[in-house]
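Just below is one structure, and these are the notes that go with it.
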Amino acid sequence: MMCPAARKPGKANQPQPRIGRPTSVKRALKPVPDRTDNSTPAAAARPTGEGHGRRLTAAFEALEAFPALAESRNRVLRLVREEHTSPGDVVAAIESDVSLVIAVLRIANRAPAPKRARVATIPEAVEMLTPSGVEALAARTAVFDFFERIPGWDAQPERFRLHAVAAQRAADRIAREADMGDRDELLVSALLHDIGKLVLVHAYPGYPGQVHGSAKTPEERLHRERRELGVDHALVGGVLARRWGLPSRLAAAIERHHSDEAHGEAAVIRLADMLAHYGHGKPIEPARMLKVARELGLDANKLRSVMYELPYPTGQQRRQIDPCPLSVRELDVLKRLAEGKVYKQIALELSLSTSTVRTHLHNTYAKLGAVDRAQAVLVATQRGWL
């Protein structure tokens, strides 16, 4: 496939592509001028106008076979084959892997349903595909393992996944600090935010080393991409997400995650990307990071706390994915029980009799398969209901 018709030789000053505007590969990925200066290391990676679109299209197609981490795939298979597996556990296993997220969302959005909104979250996609569908999809997914290199990818899947998961974890923490309720879609866009880098790796042999050169921060690297290639990985990632049929708002968050005008989900991903780089010991711009954090309602003290705590395991609250079998009143009673309150205190707060509180808890234990209050609180917490 050819990219848009090449400019006439005299018109070298072409406008750079604008983030957030593309509606197709042809409009988004315009050819850069043909450069004859081969005096810099990045010159070998610079595309000519004629081959630009063809390279990117071929790279898009190569991403169809991006492998999943073998451990992630095996966990999904094990979970869907077990009896009484929690849907939340299956969702968490899929959300930990770029390839599995892509595969599940693409299949879910391929189903013919003209009046249905596109699927942007893994819980919704898993429910639509059913356990047997997820099992069939995972079983045919190509995998990679750290100890076994696969042709065409070298160490890219490992490096990419480590940064993607770090950014995903940071985005989840930021969203909780900013009191953002539903985080399901955010976890997907955070995991896929750099998918355009994999396209550029396949399209240009000099990427990223020769293209980025001495650039150190994410913003400096993005500037080098635009200068040397005429596009950047965020823009390419957004185009790829649309090509796969993913929801437009998800694609927009991916392509705008380096924009100074980023807001909402894109701003969360931008800050999460910076925090992931910080966590890996990579340079970032402190003033820019603080500016993005403040736009999300996080002051310097909150940001310092997030930066300090992110590298360490946390007992973060699990998302509520599995349907809760408890009634509203039973859940109210159990929440207060988890706070250490006795029957009389709970009865007083809820304007109930002590015997009614006991009845609610008896029903709660039966529904959860618990033998006492400690086990009931533990089960409910693990399932994300408390």
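The values are calculated or read from the model by the stated rules, or taken from the named source; none is laboratory data. The structure presented is a predicted model; accordingly, all values stated were derived computationally and were not measured. Counting neighbours? That spans all protein chains shown, and the Cβs are built from the backbone with ideal geometry, glycine included. The protein model used for the area step is the full one, side chains on, heavy atoms only, and it has no ligands, DNA or RNA in it. Shrake-Rupley method; radii C 1.70, N 1.55, O 1.52, S 1.80 Å.
The sole residue among V119, V104 that is over 17 Å from S132 (Cα atoms) and of a type in the set (A, V, I, L, M) is V119. If you filter the stretch 133-177 down to residues that are among the β-branched types (V, I, T) and more than 13 Å from L310 (Cα to Cα), you find that the one that is modelled with the lowest pLDDT is I150.
How many residues does the stretch 57-84 contain that are open to solvent by less than 40 Å² (accessible area, probe 1.4 Å), among the small types (G, A, S) and at pLDDT below 90? Number of matching residues: 2. Checked against the criteria, V211 does not count as aliphatic (A, V, I, L, M), open to solvent by 10 Å² or more (accessible area, probe 1.4 Å), over 30 Å from P123 (Cα atoms) and in a helix (DSSP H, G or I).
When you look at N38, is it open to solvent by 40 Å² or more (accessible area, probe 1.4 Å), more than 28 Å from A262 (Cα to Cα) and modelled with pLDDT under 50, yes or no? Taking the combined requirement at face value, the residue satisfies it.
Only a single item in (1) free of Cβ contacts under 8 Å to residues at least 60 places away in the same chain; (2) farther than 17 Å from M274 by Cα; (3) open to solvent by less than 30 Å² (accessible area, probe 1.4 Å) is not met by G238, and it is number (1). Can you spot a residue in the stretch 323-344 that is over 24 Å from V188 (Cβ atoms), open to solvent by 80 Å² or more (accessible area, probe 1.4 Å), modelled with pLDDT of 90 or more and in a loop (DSSP other than H, G, I, E, B)? Within the stretch 323-344, none of the residues are over 24 Å from V188 (Cβ atoms), open to solvent by 80 Å² or more (accessible area, probe 1.4 Å), modelled with pLDDT of 90 or more and in a loop (DSSP other than H, G, I, E, B).
Residues in the stretch 262-281 that are in contact (Cβ under 8 Å) with a residue 24 or more places away in the chain and more than 15 Å from the chain's Cα centre (by Cα) were compared, and the one that is most open to solvent (accessible area, probe 1.4 Å) is H263.
Remark: G297 matches the filter, which requires a residue to be open to solvent by 40 Å² or more (accessible area, probe 1.4 Å) and either assigned to a helix (DSSP H, G or I) or at pLDDT 80 or above (or both). The helices (runs of 4 or more DSSP H) found wholly in the stretch 96-178 and carrying at least 1 residues that are open to solvent by less than 60 Å² (accessible area, probe 1.4 Å), more than 25 Å from A62 (Cα to Cα) and charged (D, E, K, R) occupy 156-177. All conditions in (1) open to solvent by less than 60 Å² (accessible area, probe 1.4 Å); (2) part of a helix (DSSP H, G or I) hold for L352, with the sole exception of (2). From the list I174, I122, I150, the lone residue that is of a type in the set (V, I, T) and farther than 26 Å from R78 by Cα is I174. If you go through the stretch 78-95 and pick out every residue that is touching a residue at least 12 places away in the same chain (Cβ under 8 Å) and assigned to a helix (DSSP H, G or I), you end up with 10.
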